[in-house]
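Here the structure comes first, spelled out in structure tokens, and everything after it is commentary.
The values are calculated or read from the model by the stated rules, or taken from the named source; none is laboratory data. What you see is a predicted model, and the numbers here were worked out from it, not measured in a lab. Neighbour counts are summed over all protein chains in view; Cβ atoms, including those assigned to glycine, are modelled from backbone coordinates with ideal geometry.
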Amino acid sequence: MFGKIRDSLSKTRNNFMGHISNLFAKNDISDDLWDELEEVLIQSDVGVDTTLSLVETVKNRVKEEHIKQTDEAKNVLKEEMGKLISSNKPLELDRKRLLTVVMVVGVNGSGKTTTAAKLAWFYQNKGEKVILSAADTFRAAGIEQLQIWGERCGAAVIAHRPNSDPGAVIYDSLKSAYSRKASMVIIDTAGRLHTKYNLMRELEKLYKIAGKQVHDAPHESLLILDATTGQNAISQAKHFMETAKISGVILTKLDGTAKGGVVFAINSELDVPVRFIGTGETLEDIAPFDAEEFVNGLFENGN
């Protein structure tokens, strides 16, 4: 699993984060070192506020601990980066619950439908019986795409005709889950533009429908964010959090961007854990988030 995470971070590591190793290869700790470190972190989309706070913390520790060697200072940086995202942990299902309902939300093009299928594959391999709910009824191609993915991963897909009521799809999906004795329903919702007020209100309606059918549903609401959008992903997340009770984030397309530092901004600015990361295009290309492995993956050769 570490190999997947490390490989997905290659662009971030090589384009920006790899420069950190070069910075700390210098023989002295100077103001220039800290200034350059701030620049590298900001370019990696760690975010200005998060970067300034992180660098200040590292500087203070280096001073208080009387650290003189740059290698030791780099280790302090890694430790503090790890602390920033230590609350980001894989999604753990409540085994006391007979049926877990997961709502997958996000804007168009974020990789939402593919990620819903990846989640189904992941949990079926852990022994769950998963049903996929094609509640993205506004895209005929989206329904068809989910059905194809469902066949590939062996999960049943409940779908209606294009432009039908997504609430009816969710209702039927949850009824089907009980009759089939499924343990998990993953709902793929329409890709909403976060600026569209009416569509966000509709998302609230879907939450209520799920809650009426299954106690406390949806039990998890996972926001899919495209890592290639960098800081724009933070803006999207803030809008969704105004409407939906987001319990976690899945960061997709991490393998195609140098903006992997956005994970730190998500955690510090939104206080929402990253649950999974997308590491490629196939069903198997999803990895539970691990803070230590992620930080190691940002540094050349994992060290």
Residue check, Asn125 against (1) touching a helix residue (DSSP H, G or I) at 6+ places or on another chain (Cβ under 6 Å); (2) modelled with pLDDT under 95; (3) of a type in the set (S, T, N, Q), all met but one. Which one? (1)
Per-region count, the stretch 279-292, residues closer than 25 Å to Val48 by Cα, crowded, with 18+ Cβ neighbours inside 10 Å and not aromatic (Phe, Trp, Tyr): 2
Name every residue in the stretch 49-77 that is surrounded by 17 or more Cβ atoms within 10 Å (Cβ to Cβ) and not β-branched (Val, Ile, Thr), in order of residue number. Leu54, Lys59, Ala73, Lys74, Leu77
Among the residues of the stretch 293-303, is any under 13 Å from the mean Cα position of the chain (by Cα) and crowded, with 17+ Cβ neighbours inside 10 Å? yes
Could you count how many residues in the stretch 81-93 are in contact with a helix residue (DSSP H, G or I) (Cβ under 7 Å, 6 or more places away or on another chain) and crowded, with 17+ Cβ neighbours inside 10 Å? 4
Candidate set from the stretch 98-133 (those that are among the hydroxyl-bearing types (Ser, Thr, Tyr) and assigned to a helix (DSSP H, G or I)); member that is surrounded by the most Cβ atoms within 10 Å (Cβ to Cβ): Thr113
Of the residues in the stretch 268-278 that are touching a strand residue (DSSP E or B) at 6+ places or on another chain (Cβ under 7 Å) and of a type outside the set (Gly, Ala, Ser), the one that is surrounded by the most Cβ atoms within 10 Å (Cβ to Cβ) is Ile277
Does the stretch 209-221 contain any residue that is within 22 Å of the chain's Cα centre (by Cα) and among the β-branched types (Val, Ile, Thr)? no
Matching residues in the stretch 70-88 - criterion: being at pLDDT below 90 and assigned to a loop (DSSP other than H, G, I, E, B): Ser86, Ser87, Asn88
If you go through the stretch 52-106, how many residues are polar (S, T, N, Q) and farther than 23 Å from Phe276 by Cα? 6
Between a residue in the stretch 77-99 that is touching a residue at least 60 places away in the same chain (Cβ under 8 Å) and any residue that is among the charged types (D, E, K, R) and outside any helix (DSSP H, G or I), which pairs come within a Cβ distance under 7 Å, given they are 6 or more apart or on different chains? Pro90/Arg275; Leu91/Glu220; Leu91/Arg275
Which numbered condition Asp136 fails, given (1) surrounded by fewer than 18 Cβ atoms within 10 Å (Cβ to Cβ); (2) touching a helix residue (DSSP H, G or I) at 6+ places or on another chain (Cβ under 8 Å): (1)
Please list, ordered by first then second residue, the pairs with beta carbon atoms under 8 Å, 6 or more apart or interchain, first in the stretch 273-287 and farther than 14 Å from Thr257 by Cα and at pLDDT 90 or above, second part of a strand (DSSP E or B) and among the acidic types (Asp, Glu). none
Tell me which residues, restricted to the stretch 241-264, are of a type in the set (A, V, I, L, M, F, W, C), surrounded by 24 or more Cβ atoms within 10 Å (Cβ to Cβ) and over 16 Å from Thr115 (Cα atoms). Val262, Val263, Phe264
